[in-house]
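Please read the structure below before turning to the comments.
The values are calculated or read from the model by the stated rules, or taken from the named source; none is laboratory data. Keep in mind the model is a prediction, meaning the values are calculated, not measured. Positions of Cβ are generated from backbone atoms using ideal geometry, with glycine treated the same way; all protein chains shown enter the neighbour counts. For the accessible areas, the whole protein counts, side chains as well, though only heavy atoms, and no ligand, DNA or RNA atoms are used. Shrake-Rupley method; radii C 1.70, N 1.55, O 1.52, S 1.80 Å.
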Amino acid sequence: MTRKIRLGAFLPGGGQHIAAWRHPDQPTDGATSLPFHIQLAKEAERGLFDAYFLADGLAIAFGGGIEGGNAKVAGFEPVTLFAALAGHTQNLGFIATASTTYEEPYNLARKFASLDLISGGRAGWNVVTTATESAAHNYNLDQQHPHAHRYARAAEHVDVVKKLWDSFEDDAFIRNRETGVFFDANKVHYTNHKGDHFKVKGPLNVSRSQQGHPVIVQAGQSEDGRGLAAATAEVIFTAHQRLDTAQEFYRDIKARARGFGRNPDHILVMPGVAPFVGRTEEEAREKYDRLTSLILEEDGIALLNGLTGGTLDLTGYDLDGPLPPAPPTEGMKSRQVLIRQIADQNNFTIRQLYQWVATARGHFTVVGTAAQIVDTLEEWFQNEAADGFNILPPVLPTGLTDFVDLIVPELQRRGLFRTQYEGKTLRENLGMPFPQNRFALARAAAQAAE
Ligand SMILES: Cc1cc2nc3c(=O)[nH]c(=O)nc-3n(C[C@H](O)[C@H](O)[C@H](O)COP(=O)(O)O)c2cc1C
């Protein structure tokens, strides 16, 4: 089958752009409205997106500012919301974010395995280490763990969760009313994990889904982030402004995956893209300028304070002056570097910088007609920079509807995107292999050796 672009729909109900809620198209209560999220899920499925993706931060406003203008102060816990949305869709996947730093593996494995069963095998887990001080303050800490510690714990956490997801073999359940045998006890396995960070006996008390287990997603970009992603992730979300840095990341991840003995086709790299699309270039530009005009200075400053790693407070700086240097961070290391690069490469003032990253926080922002935007997506897809894209519509629902009505048909016309879903589960639609149960594999190998 020819290689096709994969699409994630990154749709927080409050919209992506920091001033989206002030736009007449956006319902002001979108962030906490279940009916609105149901509408968004159905629209993403009409556009044949692979998955609905939601980020998650374990603090108010994701660690950003709590000035009165921030519509992202409150929302839903993603797995809970997706369990409600799954019943309103048939094919759309649901990739929820959860933290390896602040969640125990057994709890996390249970809730994602449950979402995977509820959705008929359409769940994915975006593995994050949660890189903000404000989150640490909600979990018994005065300051967050160092970056390296968070990633070491994350590697073990993912390992334990995957072991727990193998507790029941796919054919463990017999459910024979006559004999009274409900399951084959030989096909249920203890985890017995003892490591530096976790001690977990198992088995998990939730069984496997139609897709075996949820798809593993990751979004780190630092050295540790790339290492964890290449060893464990099946999908990687990433933030890039330029083709060459996206190519460097793509080629590095694929090479590292080969180094782990993995098939590089089974690890999809999906940069984030915020499209301002119009029927004409002028119309697209107007959409960008309209939203930009709605940004309050204090919200722009709060956004940059977060994105530059939380070590810099820009309050009181000349907004029409340059971005000052930021002290090193134990937070999102790669994002701090990326924001610095954007400021320097475009010679942006502080104001111009927060206006440019107001939608996508460092992900690629593109303004133009459908043909122009698809030209860029095709260039990245055909030149080893992307296997797909995580789409960040600036304002909702119209930013998503524009994408579905204008860009999806252009992608299909060029043969770059599906015209119908390939399968029922997220793995089938992503072209991912079914993860064989390690205990079943071991038994088959032992029998083959007899
Ligand atoms: C598309 C995307 C989504 C992300 N979602 C979250 C999130 O929901 N919660 C979170 O704490 N971090 C999130 N991150 C941040 C990453 O998990 C990671 O902290 C960041 O990319 C920095 O990685 P590094 O420390 O390896 O440089 C996201 C990053 C990207 C690129």
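Going by amide H atoms built from the backbone, whose H comes under 5 Å of the H on Phe389, apart from near neighbours?
It is Arg6, Leu7, Gly8, by chain and number.
Out of the total accessible area of segment 351-450 (probe 1.4 Å, heavy atoms of protein only), what percent is carbon and sulfur?
Percent of accessible area from carbon and sulfur atoms in segment 351-450: 52.
Taking the 0 to 90 degree range and rounding to the nearest ten, how far is the long axis of helix 243-259 tilted relative to the main principal axis of the chain, both from C-alpha atoms?
Approximately 20 degrees, to the nearest 10.
Per residue, what accessible area does segment 200-307 have, given a 1.4 Å probe and all protein chains present, in Å²?
Roughly 37 Å² per residue, with all protein chains present.
Rounded, prolate or oblate: which fits segment 152-224 when a ≥ b ≥ c are the square roots of the eigenvalues of the alpha-carbon gyration tensor, with rounded for a/c under 1.5 and prolate only if a/b beats b/c?
Here segment 152-224 falls in the oblate category.
Residues in segment 207-240 near a label at Asp170, defined as backbone nitrogen under 11 Å from the 7 Å Cα→Cβ point?
Within reach of a label on Asp170: 209-213.
How would you order 46-53, 273-280 from highest to lowest mean count of nearby Cβ atoms within 10 Å?
Highest-to-lowest ranking by the protection proxy: 46-53, 273-280.
Which whole-number percent is the relative contact order of the chain (Cα, under 8 Å, 6+ apart)?
23
Residues in segment 112-138 near a label at Asp196, defined as backbone nitrogen under 19 Å from the 7 Å Cα→Cβ point?
128-131
For the chain, give me the percentage of DSSP beta bridges that are antiparallel, rounded to the nearest 5 percent.
Of those bridges, close to 15 percent are antiparallel.
Test of the criteria: in segment 117-192, which trypsin sites (Lys or Arg not before Pro) are in a DSSP loop and have at most 13 other Cβ atoms within 10 angstrom of their Cβ?
Hits after loop and neighbour filter: Arg177.
If the chain between Gln247 and Phe183 were fully stretched, how many nm would it gain, using 0.36 nm times the residue separation less the Cα-Cα distance?
Here the answer is 18.2 nm.
Output the pairs from Lys4/Lys163; Lys163/Lys194; Lys201/Lys424 with a Cα-Cα distance over 22 Å in this structure; if there are none, say none. Show your work: numbers first, answer last.
Numbers: Lys4/Lys163 31 Å; Lys163/Lys194 12 Å; Lys201/Lys424 33 Å.
Exceeds cut-off: Lys4/Lys163; Lys201/Lys424.
On a full-extension model of 0.36 nm per residue, what is the gain between Gln412 and Gln447, subtracting their alpha-carbon distance, rounded to one decimal in nm?
Value of the extension gain: 7.9 nm.
Spin-label point model (7 Å from Cα, Cβ direction): what's the Gln345 to Glu384 distance in nm?
For Gln345 paired with Glu384, the spin-label model returns 1.9 nm.
Average projected area of the Cα convex hull of the chain, in nm²?
22.9
Would you check the accessible area of Thr80, probe 1.4 Å, heavy atoms only, in square angstrom rounded to 10?
Thr80 exposes around 90 Å² with every protein chain in place.
Compute the orientation-averaged projected area for segment 296-357 from the convex hull of its Cα atoms and round it to one decimal in nm².
Taking a quarter of the hull surface, the average projection is 3.6 nm².
What share of Cα pairs, in percent, lie more than 20 angstrom apart in segment 339-449?
61
With axes computed from alpha carbons, what is the tilt in degrees of helix 297-307 against the longest principal axis of the chain, rounded to the nearest 10 within 0 to 90?
Approximately 40 degrees, to the nearest ten.
For n ≥ 4 DSSP H runs only, could you compute -39500 (n - 2.57) per run for the chain, divide by its residues and tell me the 222 nm figure to the nearest 500? Working shown, then result.
On the way: 16 runs with 172 residues, N = 450.
Calculated mean residue ellipticity at 222 nm is -11500 deg cm²/dmol.
In whole percent, and with a 1.4 Å probe on the protein chains, what portion of the accessible area of segment 48-186 is carbon and sulfur?
52
Can you tell me the orientation of helix 223-232 relative to the chain, as the angle in degrees between its alpha-carbon axis and the longest Cα principal axis, to the nearest 10?
For 223-232 against the chain, the angle is about 40 degrees.
So how do Lys333, Lys254, Lys4 rank on accessible area, 1.4 Å probe, biggest first, that is with the largest at the start?
Working: Lys333 75, Lys254 15, Lys4 50 Å².
Most to least solvent-accessible, the answer reads Lys333, Lys4, Lys254.
Taking every pair of alpha-carbon atoms in segment 98-161, what share in percent sits in each 5 Å bin, from 0 to the bin with the longest distance?
Percent of Cα pairs in each bin: 3, 18, 25, 21, 16, 9, 5, 1, 0.
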